[in-house]
Amino acid sequence: MVTIAVDPHKRLNVVEVVDGASTVLAGSAVDTPRLGSGADAFARAWRRRQWAIEGAQGVGKNLAQRLVALDEVVLDVPSRKSSLVRASPRPRGARATRSMPTRSRVAALNSPDLERVRADDHATALRLLASAAQGARGLRIRRSNRVHRELQILIPGGAKRDLSATRAKEMLSSVRPRDEVTKLRKSLVRGPDR
């Protein structure tokens, strides 16, 4: 059994293949899109394999989910575990990245309790939908608060707290701007599509 350890980065994935005795069998720095699409071809040389990806729920999620879809065994190396791996000061840049050992390899070999990555399921889809709905609700509330605040300035005596869209439109139609700032304030309350 070999472990294919991946330290994902924005443009480059650092990959090392190690056996059970911590011997590095292969190592490379692969362009992120290339590793993702050719992961199965890269791994064919080792029949018994598992992947250890740093941040498989974060920056490495795309690659981890693609591998899980190919029925690969993928372990999540939490970023906090790999950050505990102390490396000597090293130069920056692609050349240095290609030669340094992967933090995920060291963390994976020293952490037998890594969580296995599962394919995103319906619960993930529901969380995404709930998050989008909450974001839309937040935007609606912020817009409503902004309209109310501006109407407080535009209308003598202000607007009531329980302001409906119809009532706000009626109140806004009664505003007759005399200067540029008031014209701008009214047009901002009215919105770009009105």
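Failed condition for Gly138, given (1) open to solvent by less than 70 Å² (accessible area, probe 1.4 Å); (2) modelled with pLDDT under 80; (3) assigned to a helix (DSSP H, G or I), with all others met?
With (1) open to solvent by less than 70 Å² (accessible area, probe 1.4 Å); (2) modelled with pLDDT under 80; (3) assigned to a helix (DSSP H, G or I) applied to Gly138, the lone miss is (2).
Please give the number of the condition Ala43 fails out of (1) of a type in the set (Gly, Ala, Ser); (2) modelled with pLDDT under 80; (3) more than 24 Å from Asp121 (Cα to Cα); (4) open to solvent by 20 Å² or more (accessible area, probe 1.4 Å).
Exception for Ala43: condition (4).
Is it the case that the range 121-129 has a residue that's open to solvent by 80 Å² or more (accessible area, probe 1.4 Å), without any contact (Cβ under 8 Å) to a residue 60 or more places away in the chain and farther than 30 Å from Gln57 by Cβ?
Within the range 121-129, none of the residues are open to solvent by 80 Å² or more (accessible area, probe 1.4 Å), without any contact (Cβ under 8 Å) to a residue 60 or more places away in the chain and farther than 30 Å from Gln57 by Cβ.
Return only the number of the condition from (1) open to solvent by 50 Å² or more (accessible area, probe 1.4 Å); (2) more than 16 Å from Val18 (Cβ to Cβ); (3) at pLDDT 85 or above that Ser37 does not satisfy.
Of everything listed in (1) open to solvent by 50 Å² or more (accessible area, probe 1.4 Å); (2) more than 16 Å from Val18 (Cβ to Cβ); (3) at pLDDT 85 or above, Ser37 misses just condition (3).
Identify the single condition in (1) at pLDDT below 85; (2) open to solvent by 20 Å² or more (accessible area, probe 1.4 Å); (3) closer than 18 Å to Arg116 by Cβ that Gly55 does not satisfy, given that it satisfies every other one.
Checking Gly55 against (1) at pLDDT below 85; (2) open to solvent by 20 Å² or more (accessible area, probe 1.4 Å); (3) closer than 18 Å to Arg116 by Cβ, the one that fails is (2).
Filter the range 6-23 down to the residues that are aliphatic (A, V, I, L, M), modelled with pLDDT under 85 and over 21 Å from the mean Cα position of the chain (by Cα) and list them by number.
Selection gives Val15, Ala21.
State all residues of the range 154-190 that are β-branched (Val, Ile, Thr), modelled with pLDDT of 85 or more and surrounded by 13 or more Cβ atoms within 10 Å (Cβ to Cβ); if no residue qualifies, say none.
Listed by number, the residues that qualify are Val175, Thr182.
The values are calculated or read from the model by the stated rules, or taken from the named source; none is laboratory data. Just so we're clear, the structure is a prediction, and the values are computed from it rather than from any experiment. Virtual Cβ from ideal backbone geometry, glycine too; neighbours counted across all protein chains shown. Just so you know, the surface numbers come from the protein's heavy atoms only, side chains and all, with ligands and any DNA or RNA stripped out. Shrake-Rupley method; radii C 1.70, N 1.55, O 1.52, S 1.80 Å.
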